[in-house]
Amino acid sequence: MTPDRILSGLAENLAPSGEAAARVRSSISSRLEPAALKSLVASVAPDAEFAATVKRRLLQRIKPALADDLSALAWDVPVPAPRPDHRSLLLSRLRAAPAPIVHASLKWVAAFAFVLLAVRALPLVLLAPQTQAGLGVQMIPSGSDVSVYVGGIWRPVTQPEVLRGSVMVRTGDSSRATVILSDQGVVRLAERTTIRFNDLGDRAISSSVGPAATLVRGRIWALGLIPPVVDGLKFDTDRGSLSLNSGSVSIDQDETRVVVETYDHGATFQQAKQTAFLVAGEKVTVRGSPFSIGVIPARSLAYDWVTENLGQDAAHRTEITKLQEERRERTAGILPTSFLYPAKRVAEEVDYLFTLTQDGRTEKRVQQANTRLSEAITLLSQGQDQAASGSLLAYRDSLIALAGQKDDNIVKYLIREQIAQASASLTADRADPDASAALVRDAVEQVGAAIPDANVSPKDVEGYVLVDKLAAMKQSLSVQRDPKAAAALYAEVRPYLKTLLDPKNGVNPLLQKEAAALLVASSTLLKGLEPQGDDIALNALQKDMAQYLPAEPEQALLSEEEIDRQIKGMMDKIFVFRAPISRYNQLLQEMQKLQGNPRRGVLLRRLRQALPEGLGVYVLTEIKKLGDELKGGK
């Protein structure tokens, strides 16, 4: 082994580790003072002559052996012959090969994918989501005895919960329940009432579905929030069905009769082939066929059931209107007055192009039309009529163009839904109701005219607007007692009254009857107002309004011979039967036929005198009921 390897091995074996050296150094440093250490180093350091002698002796011992080894190594390694430059030789032996281009293609693919992703995400950033009805179908119980029929058993309900599908609801003693049908209506159950909700889906846009609910027993209060231009909520009873759009009714059913009372706007009651259009203040009493129409006594308005529900209806309408306006604003998103609006329209077209199915594209176009309508209504509420006109024009053109593409039921279904939503937006409580109603009404009428088989009549839309204004006129007289405001509203509807009230015009009969009832009520309120210094204008308003009021029925005077002949005819029909129950049923039918007869009281008294005591008791009950109606005021 050579001396250098021996020295290297000794160095490796004897050299302390870094940790040991640091530990020794630290220990020595802690024990020695710097001054003493320096003196120690100075005392043990050799002088220069001694150091030179030691170095010389070491070199004499190491140098010869190292030189011998290096010489032997030099003889063993052969000396290479002169060669050309290694770099040049290497380059001369390499062959040229094409460089791969895969990396460039990947860059283009990645760039295209990024652009595609950015374009596809554009609608998500700029377009507002299409919101649906915000309340859902939920039941709010009141009391400890409210239950629903699920899985063949009655399950008690003590907390509000969401209802789905077909469900039956029951209330017991001292318990009530409220069922909110999204933003289409409300049904309130009185004590000891059972009702079956057949379908909790969207009732406002489909006429092929069955009734919304079937009253099994008890009493309910129903509030409708659906425009009269489309099919309303349908309620079935044991003795007929009721259709309710925008109004408030009370339905009471027991084993012998059904009573429907209308307290706001109107409703339609139908039994077999007989149909009655009811307006506020009218009622239907059904015991058999045909049914009778009467007037709600004035005292009924003081009942707790009526006052409580009317108050809740007002609060619910306000809440629904606010929710609809907020939903419209969210649906509108970026308005035409914003500098980002062109980017929004581009995003809509991108969203349309990325929709692959035809039905999906149709739905996208209808959603875009709904966005234009929401933009217009939002702008109208802000007083920006000119900008709103552009959005309404785009709304109209898009729906008409969509309807002209093909004869498709889904297209008609979706367009009909949009017309219903537009009609619901024709309210009179906006910042500028005149411009709002006129602009939206014109757009809806043009769409309805372009789609004659969409089951939505433009005349009904116009009639709906006019009836709303007549209702506002009545309110200004009954609540504000302001004849000037009423005269201003009357001036707006006056040019259209003749057409609206013409039965040959084709307007919904319920709207016509409701308009006539509102005119009669307003005329009566005008007569009851105290003079306010402008009697000439007030008298002129009453005189002009009188020409559109329905003619009062003439009081038919019957001679004694005619009364005797009618009573004899009734007696013959009653006693043609032998069974007491059959005679009783025929008597009920004869008394129902007298409804609306101006000599009803005289005929009932004569009939009671002619009948035996057993049947006369029922006539006496009817006479007492007539007396209560006359005392309450018709």
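Data table
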| read-out | value |
| --- | --- |
| Residue list for the stretch 252-271, restricted to those being of a type in the set (A, V, I, L, M, F, W, C) and buried (at least 24 other Cβ atoms within 10 Å of the Cβ) | 260, 267, 269 |
| Any hit, the stretch 266-287, residues being at pLDDT 85 or above, part of a strand (DSSP E or B) and under 22 Å from residue 178 (Cβ atoms) | yes |
| Candidates 397, 408, filtered to the one that is modelled with pLDDT of 80 or more, more than 16 Å from residue 332 (Cα to Cα) and not hydroxyl-bearing (Ser, Thr, Tyr) | 397 |
| Single residue of the stretch 167-186 satisfying the filter (among the hydroxyl-bearing types (Ser, Thr, Tyr) and at pLDDT 85 or above) that is surrounded by the most Cβ atoms within 10 Å (Cβ to Cβ) | 171 |
| In the stretch 229-239, the residues that are out of contact with any Ser or Thr (no Cβ under 6 Å at 6 or more places or on another chain), crowded, with 22+ Cβ neighbours inside 10 Å and either in a loop (DSSP other than H, G, I, E, B) or in contact (Cβ under 8 Å) with a residue 60 or more places away in the chain (or both) | 230 |
| Members of the stretch 488-507 found to be more than 20 Å from residue 266 (Cβ to Cβ) and surrounded by fewer than 21 Cβ atoms within 10 Å (Cβ to Cβ), listed by number | 488, 491, 492, 494, 495, 498, 504 |
| Number of positions in the stretch 302-347 that are farther than 27 Å from residue 370 by Cα, touching a residue at least 24 places away in the same chain (Cβ under 8 Å) and not acidic (Asp, Glu) | 5 |
| Among (1) in contact (Cβ under 8 Å) with a residue 12 or more places away in the chain; (2) in contact with a Lys or Arg (Cβ under 6 Å, 6 or more places away or on another chain); (3) farther than 25 Å from residue 322 by Cα, the one test that residue 377 misses | (3) |
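The values are calculated or read from the model by the stated rules, or taken from the named source; none is laboratory data. Everything numeric in this text was worked out from a predicted model, so none of it was measured. In this analysis, Cβ positions are derived from the backbone assuming ideal geometry, glycine residues included, and neighbour counts consider all displayed protein chains.
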